[in-house]
Ligand code: FAD
Ligand code: DHB
């Protein structure tokens, strides 16, 4: 098979890019290792910045998002004693939308066939070849048969563990990494949220986050040491821990119910120092990871797609010879700011095992400063809604 752009991975980055290219008349094919149901079963991000909402709007795929998404005008930082409300709408004139990654993925999947976007699921042994040439190709197996796609560009949207980034020689870029000594244990339950706005809490027993997917579906997290096993956390144990860490006011409003999903996600900051090598571009988690604090992962994937689509369309439709070369620099400039925000909010809201009284005093001072300074609240708010693209 021959196409202009071979996209590896049908997560949000790969599907968004596929739709953007199709909408502009650029040929592409998306290759996914898993089944569609498996991709939809992964419970991940929940808070969308304008960039992500705008891409869905530009594609005309925002009907359900507009109807079912919850517009959030603010969120809260809990410091054990009080709630510090960050009035995002008043401080920035913008809002975020609560709408699960699963729902975005479903909307993009449902629209693929009607819009002529070819997505090949259950593609095995995907491998990239000749990425330093102008004629790269991808090989894979489907139903036991060997297949090959020739393209002008390959875009790796295959997440942190996919083959795309690994196809780039180690000498081509520096890797920047910070691994955190805890993970987030998440629980999803069909119960009303305890608060209409998100609460990020720093309690002496650890971090907690109260989030939601709708008025009837809640998403909560607590941080746990990496040695913990999800099997050791009964639903009751999680609800008890949340009630303590979120503080008495939120606890009084927690509705308990059986979990419909429970998992532990490790926290990591990671940036691969280039997002293009020859004819290969990287988008989303394939190029960078943020700790989830601040909900930047999916939104950075969306801004990468925005820049990548812009570059590929300029290349194919306007014969712009420079566009592809500018992609990595443009995307990384925004990625690094997202990395900085996620890292700083993680440091502020978690109790690190290696921290002593001084580090804790710095957290208290910073939270106190945020509580009393509109300038400090504005810094947090403008990062939370997403920096300009
Ligand atoms: P992915 O969603 O990882 O998609 C990559 C796709 O590539 C997958 O479908 C995968 O199956 C496919 N693939 C992988 N290998 C191959 C291969 N060899 N061949 C073909 N296809 C392949 N972000 C937040 O903002 N908030 C959160 O609460 C949050 N929770 C998270 C929880 C977990 C467990 C994880 C892993 C991430 C979480 N994130 C969260 C991050 C956010 O979900 C990601 O940033 C987002 O999914 C990035 O999208 P992506 O399309 O780049 O990558
Ligand atoms: C959710 C996840 C996050 O990482 C975050 O910062 C806010 C909300 C969520 O899954 O709802």
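Coordinate-derived values only; no laboratory data. Bear in mind the structure is a predicted one, so any value in this text is a computation, not a measurement. Neighbour counts run over all protein chains shown; Cβ positions are idealised from the backbone, glycine included.
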Size of the stretch 212-321 along its principal axes in angstrom, Cα-based, largest extent first? 60, 33, 23
Kindly put 378, 216 in sequence by how many other C-beta atoms sit within 10 Å of each C-beta, fewest to most. 216, 378
Under the definition of Cα pairs under 8 Å and six or more residues apart, what whole-number percent is the relative contact order of the stretch 100-236? 14
What is the distance in Å between the Cα centroid of the stretch 187-249 and that of the stretch 101-129? 32
Out of 247, 69, 325, a Gaussian network model of the chain with alpha-carbon springs under 10 Å gives the largest mean-square fluctuation to 325
Take the alpha-carbon centre of the stretch 301-332, take the same for the stretch 351-386, and report the distance between them in whole Å. 35
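For the stretch 132-189, what does the alpha-carbon gyration tensor say about shape, rounded, prolate or oblate, given a ≥ b ≥ c as the root eigenvalues, a/c under 1.5 as rounded, and a/b over b/c as prolate?
Working: a/c = 3.26, a/b = 1.48, b/c = 2.20.
Since a/c reaches 1.5 but b/c is at least a/b, the shape of the stretch 132-189 is classed as oblate.
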Quick check on the stretch 8-57: what are the equivalent-ellipsoid semi-axes from the Cα gyration tensor, as sqrt(5λ), descending, whole Å? 19, 18, 6
Name the residue, out of 34, 377, 321, whose mean-square fluctuation peaks in a Gaussian network model built on the chain with Cα pairs under 10 Å. 321
When the scattering of the stretch 139-263 is computed by the Debye formula from its Cα atoms alone, each counted once and equally, what is log10 I(q)/I(0) at q = 0.17 Å⁻¹? -0.86
Listed with the fewest Cβ neighbours within 10 Å leading, 293, 141 appear as 141, 293
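Going by a ≥ b ≥ c, the root eigenvalues of the Cα gyration tensor, does the stretch 1-87 fall in the rounded group (a/c under 1.5), the prolate group (a/b larger than b/c) or the oblate group?
Working: a/c = 3.01, a/b = 2.04, b/c = 1.48.
Prolate shape, in that a/c is at least 1.5 and a/b is the bigger ratio.
Before anything else, pin down the relative contact order of the stretch 266-367: Cα pairs under 8 Å, at least 6 apart, normalised by residue count, whole percent.
28
Over the chain, what is the relative contact order in whole percent, taking alpha-carbon pairs under 8 Å and six or more residues apart?
On the way: 804 pairs, mean separation 79.7, N = 389.
Over the chain, the number comes to 20 percent.
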Taking Cα atoms, how many degrees apart are the long axis of helix 12-23 and the longest axis of the chain, rounded to 10 and kept between 0 and 90? 50
Taking the chain as a Gaussian network, Cα atoms linked when under 10 Å apart, which of 64, 276, 334 shows the biggest mean-square fluctuation? 64
Fewest-first sequence of 369, 270, 200 by Cβ atoms within 10 Å of each Cβ: 369, 270, 200
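Compute and list, largest first, the equivalent-ellipsoid semi-axes of the chain from the alpha carbon gyration tensor, each √(5λ) rounded to a whole angstrom.
On the way: eigenvalues 270, 94, 83 Å².
They are 37, 22, 20 Å, listed from largest to smallest.
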